[in-house]
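The values are calculated or read from the model by the stated rules, or taken from the named source; none is laboratory data. Worth saying up front: this structure is predicted, and the values here are computed from it rather than measured. Here the Cβ positions follow ideal geometry from the backbone for every residue, glycine too, while neighbour counts run over all protein chains shown. Heads up: the accessible areas ignore ligands, DNA and RNA and are worked out on the full protein's heavy atoms, side chains in. Shrake-Rupley method; radii C 1.70, N 1.55, O 1.52, S 1.80 Å.
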Amino acid sequence: MTKKEIANLFYDGFNSKLIETAEFEGEYEIPILKRCTELIVPKCGVPFSKMDYTDERDLLLFYEQDPEFRDLISIPQKYIDKIRTFKCASTPDCSLYRDMPFSFQIANVAVARSIGLYMQNQNVLVYPNARWGDERSYESKHGEKPLAFAGIPMHTIVTIGTYGCSKTAEDKYYQQAGLDAMLVTLEPLAVIVYGSMSPKIFEPYNRSVDFYHIPDWISYKKGGK
């Protein structure tokens, strides 16, 4: 991009070029991603903030604090050449905290899908990331697809992140409730799981979907499996 084009992004507000070809879903008009059926089982997932410091080029993902990938959200065009060096990438994991105002959750889901669609249009193999908070995000209203899964096609491959999401009994409750809702809503072909997989949470679903576990980045670098 030229300096003039980058400068214009600040006037464009939401970077409308990302969704020029988009179709939208539901009351909140969330951009719809393309269905992905090509499964590449990664041996590791590389966080966005680490991609310049490693030769690993399996799965690029965003399971870290939002400020770590803020620049990508602002100007994804700046990073697309680096993203193309990976075999595949997940969509940004924009936060959906349980205590976050719902209006902010809607915005974060829309942004994540917009970036994912842009990467798909740039010939990147993209797996939608499914992230949820409390019931507001994963329960259906008025017969529509829940916000957490809006814009994700059925029968696709998805990624989820569990790292740091099972610290309390409440965390575990919402993790399983959201997982159940995701599997019922999307009927995914496969689920790539970044982080721990509690048998109590995941084993009840082993017969209905294939889970592929990859360790969090710190465990992987320390040799964990």
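For this structure, a couple of remarks:
- Restraint check, K87/K221; K50/K222; K17/K50; K50/K221; K34/K87, Cα-Cα greater than 21 Å: K17/K50
- Mean residue ellipticity at 222 nm, helices only, the chain: -8500 deg cm²/dmol; runs of at least 4 DSSP H residues each add -39,500 (n - 2.57), and the sum is divided by the number of residues.
- If you take all other residues with their beta carbon under 12 Å from the beta carbon of A89, and give Lys and Arg +1 and Asp and Glu -1, the sum is +2.
- Placing a label point 7 Å from the Cα of M154 along the Cα-to-Cβ direction, the residues of region 162-192 whose backbone N falls under 14 Å of that point are 182-189.
- Among the DSSP helices (H) of the chain, those spanning at least 24 angstrom by Cα along their long axis with an average Kyte-Doolittle hydropathy of 0.0 or more are 102-121; this is a geometric and hydropathy rule only.
- Stretchable slack from D171 to S219, in nm (0.36 nm times residue separation minus alpha-carbon distance): 15.2 nm
- The stretch between S16 and H142, if pulled fully straight at 0.36 nm per residue, gains 42.5 nm over its current Cα-Cα span.
- Candidates S196, S95, S16: whichever shows maximal mean-square fluctuation once the chain is modelled as a Gaussian network with Cα springs under 10 Å: S16
- When you count the other C-beta atoms within 10 angstrom of each residue and take the mean per peptide, 64-76, 39-51 line up highest first as 39-51, 64-76.
- Computed packing ranks the peptides 27-35, 107-115, 199-207 as 107-115, 27-35, 199-207, most packed first, by mean other Cβ atoms within 10 Å.
- The residues of region 109-198 expose, per residue, 36 Å² of accessible area to a 1.4 Å probe.
- Whole-percent carbon and sulfur share, accessible surface of region 157-225, 1.4 Å: 51
- For the pair Q122 and K43 in one chain, pulling the backbone fully straight at 0.36 nm per residue adds 26.0 nm over the alpha carbon distance.
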